[in-house]
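Here the structure comes first, spelled out in structure tokens, and everything after it is commentary.
The values are calculated or read from the model by the stated rules, or taken from the named source; none is laboratory data. Fair warning: this is a prediction, and the values are worked out from it, not measured in the lab. Glycine gets a Cβ as well: all are built from the backbone with ideal geometry, and neighbour counts include every protein chain shown.
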Amino acid sequence: MLKKEKNRVKKLLKACRILLEKPLELDETIAAEVGLKPEYVNALRNALADLRMLFPNKPKSWFIRAAVRSIFVKKVSKNHWVVEGLRELGDHYQEYHVTFDGEKYSCSCYTHMYGYTRKKKICGHVAAVMVYRRVLRRLQ
């Protein structure tokens, strides 16, 4: 990953932390800091609120990492997405494939080391796709 992209990931981590820890911070302020549109930041804030209600026992870092990863999601087909691997978040592969069978999500990381644990706890790649889909719905 290029130095420019590494800096962007760091800025996104900071912005997503602010979204979760400072709910009164203006979307415009956060958007300007990371180069996103305020509407996108607002949709991201709401998507994270949805996920927090679905997964109330997940640590704050899980939501922050999901939000950052969601910006690096690409849709392949109706129920298939590719999440770019981010070394800054501990990823060891260039990309992760997430699929949805209509009932549950699955990630290619489930076939890697400690995959059983990630599957059981819902990995950050799946969470990223969940955030991504919610953001897109809000923006449409």
Looking only at region 102-126, which residues are modelled with pLDDT of 95 or more and part of a loop (DSSP other than H, G, I, E, B)? none
Please go through (1) in contact with a strand residue (DSSP E or B) (Cβ under 9 Å, 6 or more places away or on another chain); (2) hydrophobic (A, V, I, L, M, F, W, C); (3) more than 19 Å from ARG8 (Cα to Cα); (4) without any contact (Cβ under 8 Å) to a residue 60 or more places away in the chain for ILE122 and return the number of the only condition it doesn't satisfy. (4)
Collect the residues in region 32-55 that are out of contact with any Phe, Trp or Tyr (no Cβ under 7 Å at 6 or more places or on another chain) and among the hydrophobic types (A, V, I, L, M, F, W, C), keeping them in residue-number order. ALA32, VAL34, LEU36, VAL41, ALA43, LEU44, ALA47, ALA49, MET53, LEU54, PHE55
All positions within region 1-46 that are without any contact (Cβ under 8 Å) to a residue 60 or more places away in the chain and either of a type in the set (Ser, Thr, Tyr) or not in a helix (DSSP H, G or I) (or both): LEU2, LYS22, PRO23, LEU24, GLU25, LEU26, THR29, GLY35, LEU36, LYS37
Kindly provide the set of residues from region 65-96 that are in a strand (DSSP E or B), touching a strand residue (DSSP E or B) at 6+ places or on another chain (Cβ under 7 Å) and either charged (D, E, K, R) or exposed (fewer than 15 other Cβ atoms within 10 Å of the Cβ) (or both), ordered by number. LYS74, LYS75, VAL76, HIS80, GLU84, GLU95
